[in-house]
Amino acid sequence: MHILITGGAGFIGSHVVRHFLKSYPSYTITNLDKLTYAGNLANLRDVESNPNYRFVRGDITDGDFLLQLFQENQFDGVIHLAAESHVDRSIANPTEFVVTNVLGTVNLLNAARASWQSDYEGKRFYHISTDEVYGSLGSEGLFTEETSYDPHSPYSASKASSDHFVRAYHDTFGIPVVISNCSNNYGSFQFPEKLIPLFINNIVNRKPLPVYGKGENIRDWLWVVDHAQAIDVIFHQGKSGETYNIGGHNEWSNIDLIRLLCRIMDGKLGRPSGESEKLVTYVTDRAGHDLRYAIDSSKLQRELGWVPSISFEKGLELTVEWYLSNAEWLDDVTSGGYQRYYEEMYGNR
Ligand code: NAD
Ligand code: DAU
């Protein structure tokens, strides 16, 4: 089995590449990634010499390049994670999100369709999406697979649009697709623009912790390793044309999460209790900030037997320990050092 994983140098993608290489020694894994600011080959150092692993630097917005890549390789499956993923950046530059997330996904669908030529036996196109396509919940209820799409940010609108194209290619051309919509991930190798790694880094450096609005927004947090396991199960056993929600049944208001994180950090850094929380600074709210996300993942549990493996308290502690013992990784991504290395290696494109 030869699988193309897009966005494999990013946060979740690197965990998925690692998971598949370790769990399926007979598979060949090609990781296609543009290495944007969010892509970092250091995320895959422990598997890069695996003979079944290959890295290709390339851009999913380049349709001709993808057609050629699919012509040169017989991919049995695609697991598509490459995307612009940060909501705040989508507010600053929406167009980039349309180009990468919508056009990039359509280009990949076209390349898979051209390569598979209607012979879909044993083939699968798996699109990794987000719970943000469903919009925002009030204080009650959960997102199910039947919840109507109602995206609010340019990021979630672009992901919703790409989901619709994936379903349209299934319904129109018969491509065997599967989609999953997952809640907020946390864990090692997450770029420190997202809440948890940003705040860990700021606490270490005694910098302010910018809490948007009143910190009352709620997110449903899932350990990234559990997401990779869910992706494995859905890739192998999910029904073609179906959607699966993935979540940790683990809702936290931002401010409660931040207080927990501050307590863990005080303990690990040997600082007096309450020291990190003094860094909390309330700032202007994110425009269009969704109030609450919460996932009902009972379909995935019932039909495919997946459940999260770890409590949030344990997962967060492991995550803090990882960032504290990988200060070099954090320095490299905050200073942009890893990007200079790619420019030397691949040229500046
Ligand atoms: P990330 O930003 O860490 O990684 C994205 C990767 O895609 C990077 O390696 C980047 O270089 C690559 N990429 C970007 N544009 C590209 C292009 N034009 N061509 C090729 N590669 C390109 O993102 P992440 O947080 O790991 O998210 C991965 C996927 O999972 C995304 O599709 C995202 O929408 C989805 N998702 C993320 C979360 C989360 O909490 N982070 C939750 C649910 C779903
Ligand atoms: O729900 C899944 C989504 O989770 C993914 O699809 C996205 O790719 C991923 O980025 C994430 O989106 P969020 O916007 O929820 O994640 P972020 O870490 O940016 O923010 C989490 C919450 O914390 C959100 O309510 C905004 C708030 N926040 C975030 C930052 C970066 C702050 O209060 N301060 C901050 O500095």
Mind checking which residues of segment 209-223 are away from ligand 1 (no atom under 16 Å from the Cβ), under 19 Å from Arg263 (Cα atoms) and either open to solvent by less than 40 Å² (accessible area, probe 1.4 Å) or not in a strand (DSSP E or B) (or both)?
-> Leu209, Val211, Gly215, Glu216
Hey, among the residues in segment 61-83 that are open to solvent by 10 Å² or more (accessible area, probe 1.4 Å) and either of a type in the set (Asp, Glu) or in contact with a His (Cβ under 8 Å, 6 or more places away or on another chain) (or both), which one's nearest to Val17 (Cα to Cα)?
-> Asp76
Picking from Gly267, Gly288, the residue that is of a type outside the set (A, V, I, L, M), in a loop (DSSP other than H, G, I, E, B) and at pLDDT 95 or above would be Gly288
Out of (1) polar (S, T, N, Q); (2) within 11 Å of ligand 2 (Cβ to nearest atom); (3) assigned to a loop (DSSP other than H, G, I, E, B); (4) surrounded by fewer than 17 Cβ atoms within 10 Å (Cβ to Cβ), the odd one out for Gln190 is which?
-> (4)
Have a look at Thr36, Thr95 and point out the one that is within 30 Å of Pro210 (Cα to Cα) and either open to solvent by 50 Å² or more (accessible area, probe 1.4 Å) or in contact with a Pro (Cβ under 8 Å, 6 or more places away or on another chain) (or both).
-> Thr95
Being away from ligand 1 (no atom under 15 Å from the Cβ), in contact with an Asp or Glu (Cβ under 9 Å, 6 or more places away or on another chain) and of a type in the set (A, V, I, L, M), is that true of even one residue in segment 125-145?
-> yes
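For (1) within 9 Å of ligand 2 (Cβ to nearest atom); (2) open to solvent by 30 Å² or more (accessible area, probe 1.4 Å); (3) modelled with pLDDT under 95; (4) not aromatic (Phe, Trp, Tyr), each residue gets a yes or a no:
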residue	(1), (2), (3), (4)
Phe199	yes, no, no, no
Val225	no, yes, no, yes
Ala228	no, no, no, yes
His249	no, yes, yes, yes
Specify which of the listed residues (Ala160, Ala92, Ala82, Ala168) is within 14 Å of ligand 2 (Cβ to nearest atom) and without any contact (Cβ under 8 Å) to a residue 24 or more places away in the chain.
-> Ala92
Is there any pair linking a residue in segment 297-308 that is assigned to a loop (DSSP other than H, G, I, E, B) to one that is surrounded by fewer than 21 Cβ atoms within 10 Å (Cβ to Cβ), with Cβ under 6 Å and at least six apart or on different chains, and which?
-> Trp306/Val233; Val307/Gln301
Inspect all residues belonging to segment 111-119 and state whether any of them is at pLDDT below 95, of a type in the set (Asp, Glu) and either away from ligand 2 (no atom under 11 Å from the Cβ) or assigned to a loop (DSSP other than H, G, I, E, B) (or both).
-> yes
For Leu279, state whether it is within 13 Å of ligand 2 (Cβ to nearest atom) and open to solvent by 20 Å² or more (accessible area, probe 1.4 Å).
-> yes
Considering segment 304-349 alone, what residues qualify as being of a type in the set (D, E, K, R) and either within 15 Å of Gly247 (Cβ to Cβ) or surrounded by fewer than 15 Cβ atoms within 10 Å (Cβ to Cβ) (or both)?
-> Glu313, Lys314, Glu321, Glu328, Asp331, Arg340, Glu343, Glu344, Arg349
Take Glu313 and decide whether it is in a helix (DSSP H, G or I), within 23 Å of Ile264 (Cβ to Cβ), in contact with a Lys or Arg (Cβ under 9 Å, 6 or more places away or on another chain) and in contact (Cβ under 8 Å) with a residue 12 or more places away in the chain.
-> no
The condition of being open to solvent by 30 Å² or more (accessible area, probe 1.4 Å), closer than 18 Å to Ala228 by Cα and part of a loop (DSSP other than H, G, I, E, B) holds, among Pro51, Pro25, only for Pro25
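The values are calculated or read from the model by the stated rules, or taken from the named source; none is laboratory data. The model shown is predicted, which means the values in this text are computed figures rather than measured ones. Here the Cβ is made from the backbone with ideal geometry for all residues, glycine too, and neighbour counts use every protein chain on show. For the accessible areas, the whole protein counts, side chains as well, though only heavy atoms, and no ligand, DNA or RNA atoms are used. Shrake-Rupley method; radii C 1.70, N 1.55, O 1.52, S 1.80 Å.
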